[in-house]
Structures are given as C-alpha cells and as structure tokens.
1. For residues in region 200-229 being among the charged types (D, E, K, R) and either over 17 Å from the mean Cα position of the chain (by Cα) or at pLDDT 95 or above (or both), which is surrounded by the most Cβ atoms within 10 Å (Cβ to Cβ)?
2. Looking at this structure, is THR28 in a helix (DSSP H, G or I) and of a type in the set (Val, Ile, Thr)?
3. Looking at GLU245, GLU233, GLU181, GLU197 in this structure, which one is within 30 Å of ALA9 (Cβ to Cβ), of a type in the set (Asp, Glu) and surrounded by fewer than 22 Cβ atoms within 10 Å (Cβ to Cβ)?
4. Please work out which one of (1) of a type in the set (A, V, I, L, M, F, W, C); (2) touching a Gly at 6+ places or on another chain (Cβ under 8 Å); (3) more than 23 Å from MET1 (Cβ to Cβ) is the condition ILE224 fails and give its number.
5. Answer yes if at least one residue in region 240-260 is of a type in the set (Lys, Arg) and either within 11 Å of the ligand (Cβ to nearest atom) or touching a residue at least 12 places away in the same chain (Cβ under 8 Å) (or both), and no otherwise.
6. Of the residues that sit in region 39-68 and are outside any helix (DSSP H, G or I) and open to solvent by 60 Å² or more (accessible area, probe 1.4 Å), which one is nearest to ASN24 (Cα to Cα)?
7. Among the numbered criteria (1) part of a loop (DSSP other than H, G, I, E, B); (2) open to solvent by 50 Å² or more (accessible area, probe 1.4 Å); (3) more than 8 Å from the ligand (Cβ to nearest atom), which single criterion is violated by VAL137?
8. Could you say which residue among GLY39, GLY18 is touching a residue at least 12 places away in the same chain (Cβ under 8 Å) and over 27 Å from GLU277 (Cα atoms)?
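The values are calculated or read from the model by the stated rules, or taken from the named source; none is laboratory data. It should be emphasised that the depicted structure is a prediction, and the values quoted were computed from it without experimental measurement. Glycine gets a Cβ as well: all are built from the backbone with ideal geometry, and neighbour counts include every protein chain shown. All accessible areas refer to the heavy atoms of the entire protein, side chains included, with ligands and DNA or RNA removed. Shrake-Rupley method; radii C 1.70, N 1.55, O 1.52, S 1.80 Å.
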Amino acid sequence: MEKFKLNNAQTIPAVGFGVFLIPNNGPTYEATLAALKAGYRHIDTAAAYMNETDVGKAIKDSGIDRNEIFITSKLWLQDYGYENAKKGIANSLKALDTDYIDLYLLHQPYGDYLGAWKALEEAVAEGKIKSIGISNVTVNSWNKFKDGMTIMPVVNQVEFNPFTQQKELRKVMAENDIRLEAWYPLGHGNKDLLENEIIVSLARKYNKNAGQIILRWIYQEGVISLPKSTNLERMRGNIDIFDFELTDEEMKAIEALDTGKPTHDPDNQINEKRLMEMKIHN
Ligand code: A2P
C-alpha cells in the first residue's frame, strides 16, 4: 500500500477503510476483518461511530502485527474540554484495546476545542497517540483555532471528491503543510458522480470501475481517501488503484467537475447545534 508523509515525518497509508455507519457487535468486526484480509492497513473509526470495540477485536483477530496497521479514531464533542478529553482518549484506547492510536482527530470544530486539543497534545507527549489532527475544519474555523495550537495538526479530514474539491480550504491547509483526508470520497455512492461521463470513459480506458478512477484521482491529488464498502469485490478494488496513472489532461478534466459546494457545511449553525446536542454516552 502506497503511503504519504505527514508533517511530523510519520507516514500514513494513502487509502484507508472507513467504518462510518457500519453497526457494532458484528458488522464492523466482519467488515474490518475482511478489509484487513483484502490488504487494507489503515482503518478509520470514531468514538461517535460507536464501533471502536469491533475494530479493536478485528485487528486482534486478524493476526497482523499491531505496528503494521494504522488506526484513526476521533474524539466526539461531548468529550471536548481538557478534562473530558483526557477521559475520551482513555475510552478510545480501551475500546480499541490498544496501547496507542496512530492518529486521533477532533471530530467537529465546535465547543471547547482548544481545551480538547491540549489534551491531545499531552497524549502525544505520553506516547498514547502518535499523530493528531482535525476534521470538518473550514477556513473560518481554522482561523478561529489555529493560534491556540502548539502542535500543528497533521491532517484535516473533510468531505472531498470530484464534485466537492474544497479549493480554498486546500490552499490554506497546504500553506500549513496539513494534508487533506477525504470522507465521502465516492460521494457516498452518488450516482451522478459514479455515472459521470468523464469518469465512466476513463474507467473504460483503464479497465477499472468508476470508483477506482475517482480514488486514483484523489491519490494523485495527494489526498488520503477513506472509501467505504461492504461489498468484498469493491472493497478489494478500491485499493487496486496503484497500477495505472491518469494523465495531466485527465486530472484536469476531473478537476473541472467541481461544484464548489459540499453536501455538509460545518459553518452552518443548524449543523453546529444538531451536532453539539448529539450524545454518544451518559
Ligand atoms: P457498497 O458498500 O455496496 O460497495 P463513500 O465511501 O463515498 O461514503 O461511498 C460509499 C458508497 O459507495 C457505498 O454505498 C458503497 O456501496 C459505494 N461504493 C464503494 N466502492 C465503490 C466503487 N468502487 N464503485 C461504486 N460504488 C462504490
């Protein structure tokens, strides 16, 4: 699996397996185990997905050395603030049944963000977390929080695919050497994207499927992608993207598909209120 370098000299597998919306107590266990068997070495979960325990079990049962697998998890808003965040980190370590987490993100850009960030920075110093990052951070929220951070985030995980290219945000993140990670890399199965004429014609040319063309484009853009699939063939296919290369012209043709609009706007106060009210534990 090809890797990218992060701004703290750690490396990250370029494609990870995302387990958002896969239930715990079985389905996430099966999907994670299948993904590891298929060759994934990077699993992306979150406290709020409520399936960290299944991810942890699957990693243990896979028989693969822990240090060959890159685990990402995320702290939920309910656990923001310095003291709560320390507990949240401990809960993730316990649920994942591991001594360290490779990458831990602040899931959403609201609440006592910098208090939580301080706890993440301390966990790095203590060896409990190797790298820390942010998620759903917009240019606005970046400007609000950046000066209170001692350790720079290694990544910002945001909605990203050919229809949602986050051009302004990417520029600001690049200036700070923060790599983008793509959630909804396949537009969450959006047919308009997967059946787009340009994507489909490239799929025909390279003898790949539409998803593989999109994931290859994301890889060539230098962005980490986290595709989700519960279908074994597509799961395998989504990491079989390193044996062909899109030309500059083809990269540009896909770049022209940008609508400039995400489906989820973190700056929208209705989203902020809804997410701030979401509880994942007592
Ligand atoms: P399935 O689980 O049946 O494979 P995203 O990662 O952007 O959230 O997209 C996930 C959606 O895209 C799921 O509905 C998944 O369905 C579908 N999907 C995953 N891989 C591919 C692919 N290579 N081609 C088309 N659809 C895909």
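1. Let us first name the residues in region 200-229 that are among the charged types (D, E, K, R), namely 204-205, 208, 216, 221, 228.
The next check asks that each one be either over 17 Å from the mean Cα position of the chain (by Cα) or at pLDDT 95 or above (or both); those that pass are 204-205, 208, 216, 221.
Numbers: ARG204: 11, LYS205: 12, LYS208: 19, ARG216: 24, GLU221: 17.
Once the filter is applied, the top-ranked residue is ARG216.
2. Details: in a helix (DSSP H, G or I): yes; of a type in the set (Val, Ile, Thr): yes.
When the stated conditions are applied, THR28 passes them.
3. Numbers: GLU233 fails: within 30 Å of ALA9 (Cβ to Cβ); GLU181 fails: surrounded by fewer than 22 Cβ atoms within 10 Å (Cβ to Cβ); GLU197 fails: within 30 Å of ALA9 (Cβ to Cβ).
None of the others qualify; the one that does is GLU245.
4. (3)
5. Just the residues of region 240-260 that are of a type in the set (Lys, Arg), to begin with: 252.
Adding the requirement that they be either within 11 Å of the ligand (Cβ to nearest atom) or touching a residue at least 12 places away in the same chain (Cβ under 8 Å) (or both) leaves none.
No, region 240-260 contains no residue that is of a type in the set (Lys, Arg) and either within 11 Å of the ligand (Cβ to nearest atom) or touching a residue at least 12 places away in the same chain (Cβ under 8 Å) (or both).
6. Initially, region 39-68 is screened for residues outside any helix (DSSP H, G or I), giving 39-46, 50-51, 63-65.
Subsequent filtering for residues that are open to solvent by 60 Å² or more (accessible area, probe 1.4 Å) retains 41, 50, 63, 65.
Working: ARG41: 20, MET50: 7, GLY63: 20, ASP65: 23 Å.
For region 39-68, the residue satisfying everything is MET50.
7. The number of the failed condition is (2).
8. Working: GLY18 fails: over 27 Å from GLU277 (Cα atoms).
Matching residue, one of GLY39, GLY18: GLY39.
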